[in-house]
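Worksheet for the structure shown next.
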Amino acid sequence: MKITDIRFGMLRVPLKTPFKTALRTVDTVEDIVVTIHTDTGHVGYGEAPATAPITGDTHGSIVEAIRKFISPRLIGQEIANLNRITGLIQGAIEKNSSAKAAVEIAVYDLFGQLYGAPLYKMLGGGDPVITTDLTISVDYIEKMVADSIAAVDRGFESLKIKVGKDIGVDIERVKAIYAAVEGRALLRLDANQGWTAKQAVYALQTLEDAGVRLELVEQPVKAQDLEGLKYVTDRVHTPIMADESVFGPVEVIDLIRMRAADIINIKLMKTGGLSKAIQIADIAAMYGVECMIGCMIETSISVAAAVHLAVAKSNVITKVDLDGPSLCAFNPVDGGVIFNESEITVTDAPGLGIREIRGLETLAAA
Ligand SMILES: C[C@H](N)C(=O)N[C@@H](CCC(=O)O)C(=O)O
Ligand SMILES: [Mg+2]
C-alpha cells in the first residue's frame, strides 16, 4: 500500500453553543481535513483545527506546511513502514504540530486498514469503551450553574469548568457550581493561563478551605511560566495539570523532573500526532505520572485517533477530555468511533473506521 496523493478539504460544523475560554470564543468548527490516497484505493483521514492562540497554527499555515514540506516526502512511501513515515513527517518542518497531527492520523488510519485491524488493536489493544467529561464554557455564574446541571442530567459525571477570567468571580463560579452538582459530578477546572501563580494559589486555597473538592486544575498560569506552575503545584493539595506548557516529549521530561505539575494533558494537536503522544504516555508511565487525553475544537475525525490511543494506553491515560464531538451540532462522519454523550466506543472496523465525511468543501490537492 503506497501513498499516491494527499488532498485537503475544509470542514465547517456549528457548535451547539459558543465555546468560551479565557483565551477565546468559538462558535463553529472550521478544520482542515486531510485525505491520504493509496495505490490500493484505500483512503486515510486526518483533521487539524487552527488553534492559533495555543499552537500558533492557522488554516493557511496548516495547508502550506503539508503542501510544501510534508507531502513531497510522503508520496511513494509504503504504509507498512510506519516509523519511517512518522520520522519523515516530524522532521519535515519545525513546529506546525497541527499539520503534522492531521497527516499522522491519516497515516495511522491507513496502517490499521493495511492489516484489517482497528487502530487501538494496532496500538496494543484495550477495553473499547471510555468515558469523557463535558466542558462548561466560562460565562456569568447563573448560566454556568444551569449548564452544569444540564450536563449532569445528560449523564456526564465529570465536568471541565472553564475559568481564568476574573479571580474573584472565578471563585464564586466554582463554589456555585460545586454546590449545585456536589455528589453527582467531579469538577475539573481549566484556567487556560488566565491566572498569575499567586492568584492561582489564593483561589485554590480559598476553595480548599471552603470544602470544595476539585479533581484537578488545568493550566492555571501562562504557558511559558514553568516556575509559576511549580509554585502553584507546591502550595496546594489540588492536583495541577499542565496543558499549554507542554507540547512534546522533551518538555514533558523537563516538567516531570522539575515536578512542576502533577498531571499532563496530551493532545494530538500539540504533539504533532500519535507517534510523540505515544512517547509522552510511555515517559509518563515510567515516572508514574498520570495523563489526560484532550482535544481542541475538533470533530470525530481527529478525536477518533485520540480515543483509540486512550483505549490502548489506559494504564497511564486515566482522564479523558474528548468532548469535541459532543460540542458539535451534528456529526459529519459516517462510520468511525461512536460518541454517545459521555460514553465513547471504538468499533472493530479497520483503522479509524471512517467511511465518509459529509459536507467537506474541497481545497486544492497537496
Ligand atoms: C475542547 C476541550 N474540552 C478543551 O477545553 N480544549 C482546550 C481548549 C481548546 C480550544 O481553545 O480550542 C483546552 O484548553 O483544554
Ligand atoms: Mg486546557
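The values are calculated or read from the model by the stated rules, or taken from the named source; none is laboratory data. Here the structure is a predicted model, which means the values were calculated and not measured. Virtual Cβ from ideal backbone geometry, glycine too; neighbours counted across all protein chains shown.
Restricting to segment 148-166, count the residues that are away from ligand 2 (no atom under 16 Å from the Cβ), of a type outside the set (Lys, Arg) and farther than 14 Å from THR21 by Cα. Before you say what the answer is, go through the steps one by one.
Initially, segment 148-166 is screened for residues away from ligand 2 (no atom under 16 Å from the Cβ), giving 148-157, 166.
Remaining after also requiring of a type outside the set (Lys, Arg): 148-153, 155-157, 166.
Imposing the further condition that a residue be farther than 14 Å from THR21 by Cα reduces the set to 148-153, 155-157.
Number satisfying all stated conditions: 9.
What number goes with the only condition from (1) in contact with a Gly (Cβ under 6 Å, 6 or more places away or on another chain); (2) free of Cβ contacts under 8 Å to residues at least 40 places away in the same chain; (3) not charged (D, E, K, R) that SER97 does not pass?
(2)
Checking HIS237 against (1) closer than 18 Å to THR271 by Cα; (2) surrounded by fewer than 16 Cβ atoms within 10 Å (Cβ to Cβ), which single condition isn't satisfied?
Against the list (1) closer than 18 Å to THR271 by Cα; (2) surrounded by fewer than 16 Cβ atoms within 10 Å (Cβ to Cβ), HIS237 comes up short only on (1).
Take the residues of segment 317-343 that are within 19 Å of ALA117 (Cβ to Cβ) and in contact with a helix residue (DSSP H, G or I) (Cβ under 7 Å, 6 or more places away or on another chain): which is nearest to ligand 2 (Cβ to nearest atom)? Even if it seems obvious, please write down each step before you answer.
Narrowing segment 317-343 to residues within 19 Å of ALA117 (Cβ to Cβ): 335-338.
This time we only want the ones that are in contact with a helix residue (DSSP H, G or I) (Cβ under 7 Å, 6 or more places away or on another chain), so: 336-337.
On the way: GLY336: 24, VAL337: 21 Å.
Once the filter is applied, the top-ranked residue is VAL337.
Can you find, within segment 156-181, the residue that is nearest to ligand 1 (Cβ to nearest atom) among those that are farther than 17 Å from ARG213 by Cα and within 21 Å of the chain's Cα centre (by Cα)? Even if it seems obvious, please write down each step before you answer.
Kept after step one, since they are farther than 17 Å from ARG213 by Cα, are these residues of segment 156-181: 156, 164-169.
Narrowing further to those that are within 21 Å of the chain's Cα centre (by Cα): 156, 164.
Values: PHE156: 12, GLY164: 10 Å.
Ranking the qualifying residues of segment 156-181, first place goes to GLY164.
Which condition number does THR4 fail, the rest of (1) at positive phi; (2) in contact (Cβ under 8 Å) with a residue 60 or more places away in the chain being met?
Just one mismatch for THR4, condition (1).
Please work out which residue is surrounded by the fewest Cβ atoms within 10 Å (Cβ to Cβ), limiting yourself to segment 44-82 and to residues that are under 19 Å from TYR108 (Cβ atoms) and free of Cβ contacts under 8 Å to residues at least 24 places away in the same chain. Break it down into steps so the answer makes sense when it comes.
Narrowing segment 44-82 to residues under 19 Å from TYR108 (Cβ atoms): 44-49, 62, 65-66, 70-71, 73-82.
When the remaining residues are screened for being free of Cβ contacts under 8 Å to residues at least 24 places away in the same chain, the result is 73, 81.
Details: ARG73: 17, ASN81: 12.
The residue in question is ASN81.
Residues that are more than 16 Å from ligand 1 (Cβ to nearest atom) and out of contact with any Pro (no Cβ under 6 Å at 6 or more places or on another chain): list the helices (runs of 4 or more DSSP H) wholly contained in segment 262-360 that include at least 2 such residues. Quick ask: steps written out before the conclusion?
Values: elements: 268-271, 274-287, 302-312, 324-327.
Hits in segment 262-360: 274-287, 302-312.
Scan segment 203-216 and give yes if some residue there is assigned by TED's automatic domain parsing to the domain that holds ARG184, within 16 Å of ligand 2 (Cβ to nearest atom), assigned to a helix (DSSP H, G or I) and within 30 Å of LYS100 (Cα to Cα), otherwise no.
no
Looking at (1) out of contact with any strand residue (DSSP E or B) (no Cβ under 8 Å at 6 or more places or on another chain); (2) away from ligand 1 (no atom under 16 Å from the Cβ), which one does VAL152 not meet, given that it meets all the others?
(1)
Would you check which residues across segment 246-261 are part of a helix (DSSP H, G or I) and of a type outside the set (Val, Ile, Thr) and list them? First the steps, then the outcome.
Here is the first cut: in segment 246-261, the residues part of a helix (DSSP H, G or I) are 249-258.
PRO249, GLU251, ASP254, LEU255, ARG257, MET258, listed by residue number.
Filter segment 243-273 for residues that are surrounded by fewer than 24 Cβ atoms within 10 Å (Cβ to Cβ) and either more than 15 Å from ligand 2 (Cβ to nearest atom) or free of Cβ contacts under 8 Å to residues at least 40 places away in the same chain (or both) and give the result.
Of everything in segment 243-273, those that are surrounded by fewer than 24 Cβ atoms within 10 Å (Cβ to Cβ) and either more than 15 Å from ligand 2 (Cβ to nearest atom) or free of Cβ contacts under 8 Å to residues at least 40 places away in the same chain (or both) turn out to be GLY248, PRO249, VAL250, GLU251, ILE253, ASP254, LEU255, ILE256, ARG257, MET258, ARG259, ALA260.
Is it fair to say ILE283 is modelled with pLDDT of 95 or more, of a type outside the set (Phe, Trp, Tyr) and buried (at least 19 other Cβ atoms within 10 Å of the Cβ)?
Considered against the rule, which asks whether it is modelled with pLDDT of 95 or more, of a type outside the set (Phe, Trp, Tyr) and buried (at least 19 other Cβ atoms within 10 Å of the Cβ), ILE283 comes out as no.
What are the pairs with Cβ atoms under 7 angstrom where one residue, in segment 165-177, is at pLDDT 95 or above and the other, located anywhere, is of a type in the set (D, E, K, R) and buried (at least 18 other Cβ atoms within 10 Å of the Cβ)? Sequence gap at least six, or different chains.
none
Can you tell me how many residues in segment 129-143 are free of Cβ contacts under 8 Å to residues at least 60 places away in the same chain and surrounded by fewer than 24 Cβ atoms within 10 Å (Cβ to Cβ)? Write out each step before concluding.
Of the residues in segment 129-143, the ones free of Cβ contacts under 8 Å to residues at least 60 places away in the same chain are 136, 140-143.
In the following step, the residues that additionally are surrounded by fewer than 24 Cβ atoms within 10 Å (Cβ to Cβ) were identified as 140-143.
Number satisfying all stated conditions: 4.
Within the bounds of segment 309-332, is there any residue that is modelled with pLDDT of 95 or more and in contact with a His (Cβ under 7 Å, 6 or more places away or on another chain)?
No, there is no match, as no residue in segment 309-332 is modelled with pLDDT of 95 or more and in contact with a His (Cβ under 7 Å, 6 or more places away or on another chain).
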